[in-house]
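The values are calculated or read from the model by the stated rules, or taken from the named source; none is laboratory data. All of these numbers come straight from a predicted model, not from anything done at the bench. Glycine gets a Cβ as well: all are built from the backbone with ideal geometry, and neighbour counts include every protein chain shown. What goes into the accessible areas is simple: the full protein's heavy atoms, side chains included, and nothing from ligands, DNA or RNA. Shrake-Rupley method; radii C 1.70, N 1.55, O 1.52, S 1.80 Å.
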Amino acid sequence: MARYHLVDAGQNAPVSSEITGYAASVFSYLHSLTGETRYLDAADRAARYLMQTWDSGASTVPFEPGSPLAYFFDLGIIVRGLLAAWRLTGEPEFFDRARDAALSMALDFLGEGVFHAVISLPEKQPLPCEPRWSRAPGCYQLKAALAWLELGDDGARKLYDAVLKHSLAAHEAFLYAESDRKKQMDRLHAYAYFLEGLLPAVDREPARGALANGIGVATRLFREIAPEFERSDVSAQLLRLRLIAHHCGVLEMDQESAQDEVRRIQSFQALDDPRPQIRGGFYFGRRGGEMLAYVNPVSTAFCLQALEFWDRHMSFLDRPAAGRWAFDLRQLI
């Protein structure tokens, strides 16, 4: 799957292993909702593409085909996509490759007390840290560490716990490491990854408190920056987090904020566009109120899941006797 579709040029950006990992997860999720064969087939195709991107010489997955770099975060998304496809199809090769990629995360990126963000290939040497959040270790890596939990192995769980401990110690400074307001919106997206990574640990402190407080901090900062620059995926991430936290008993529902997030998410969807590459997709964001001219597959996946969560939440409120609102965290895209 391409990173995004350029609306004005009518062209796709290059295909990305990370985004294809997200695709395997979202198509698996859509099949769980609908039972439609087309989603099963799409998840299988995405996973098989990921199998082909494996660099047997380096024993990892490059950033893009032929790239001399590999990212810790990308590998976590790829592992989770392969595992989602494995749970759906039962193909053992998907699980085996996910385990190989998870091993690369553990061995190739380990530094002194942290996991490096980026390594060179084939040398597997860490790149120097840069101001960009994606080029330095940080609390956002906790979402990638969910891959270790999903393997169901005690040793892998310990790796998640190590990243959890480091992330909890470092997260408070993450949002404010960037003074540029527009770049802070990008950091909000990454900070929401940290909050998502906390979800399996909300049965204990300090993760529980960090999640509740983090949603509040992120909501306030998002509202401050949104008139200048607004990302659709951040609204979707906040809504998903808000709903899960509420139904886990971590945070009382802020109905006004949730409804505002729903409205914002819906405003980004290209429902009536005649072009099939765009119709139904979600635009990436707005600057100064002007829509940016590209549709993003990950934004679309996050927004679709957030709106589905919201619909399920509202149905639960209408019919509470129908059962408990529940969600398998392995399906969080």
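A few notes on this one:
- Placing a pseudo-label 7 Å from each Cα along the Cα-to-Cβ vector at ALA9 and ASP96 gives an inter-label distance of 3.9 nm.
- Within straight-line reach of LYS124, meaning a Cα separation under 14 Å, sit the following aspartates and glutamates at least 8 residues removed in sequence or on another chain: ASP55, ASP108.
- If a spin label sat at a point 7 angstrom from the Cα of LEU271 along the line to its beta carbon, the backbone N atoms of region 289-315 nearer than 17 Å would be those of 300, 303-312.
- Solvent-accessible heavy-atom area per residue, rounded to whole Å², over region 253-333 at 1.4 Å: 52 Å²
- Per residue solvent-accessible surface (Å²) - region 11-146, probe of 1.4 Å: 41 Å²
- The chain, helix-only ellipticity at 222 nm - DSSP H runs n ≥ 4, -39,500 (n - 2.57), divided by all residues, nearest 500: -18500 deg cm²/dmol
- 16 Å Cα-Cα reach of LYS165 towards lysines, excluding residues that sit fewer than 8 places from it in its own chain: LYS143
- Sorted peptide list for 200-208, 139-147, criterion being average Cβ within 10 angstrom, highest first: 139-147, 200-208
- The length gained by stretching the chain between LYS158 and SER179 to full extension, at 0.36 nm per residue less their Cα-Cα distance, is 4.1 nm.
- When the trypsin sites (Lys or Arg not before Pro) in region 272-330 are filtered for DSSP coil states and for at most 10 other beta-carbon atoms within 10 Å of their beta-carbon, the remaining sites are ARG324.
- Under the criterion of Cα pairs below 8 Å and six or more residues apart, the relative contact order for the chain equals 15 percent.
- Overall form of region 1-92 per C-alpha gyration tensor (a/c, 1.5; a/b vs b/c): oblate
- When only alpha carbons are used to place a centre, region 54-97 and region 142-214 end up 21 Å from one another.
- Spin-label model, GLN255 to ARG279: label points 7 Å out along the Cα-to-beta-carbon direction sit 3.7 nm apart.
- Judged by the gyration tensor of its Cα atoms, with axes a ≥ b ≥ c, region 118-157 is oblate; a/c meets the 1.5 cut and b/c is at least as large as a/b.
- Annotation for ALA293 and ASN213: the two label points, set 7 Å from Cα along the Cα-Cβ direction, are 4.4 nm apart.
- In terms of its C-alpha gyration tensor, region 136-259 comes out oblate, because a/c is 1.5 or above while a/b does not outweigh b/c.
- Angstrom value of the Kirkwood radius, inverse mean 1/r, which spans all Cα pairs in the chain: 20.2 Å
- All Cα pairs of region 240-316, percent lying beyond 14 Å: 65 percent
- Accessible carbon and sulfur surface of the chain relative to its total accessible area, %, 1.4 Å: 51 percent
- Debye, to nearest 20: dipole size of region 184-333, +1 on Lys, Arg Cβ, -1 on Asp, Glu Cβ: 200 debye
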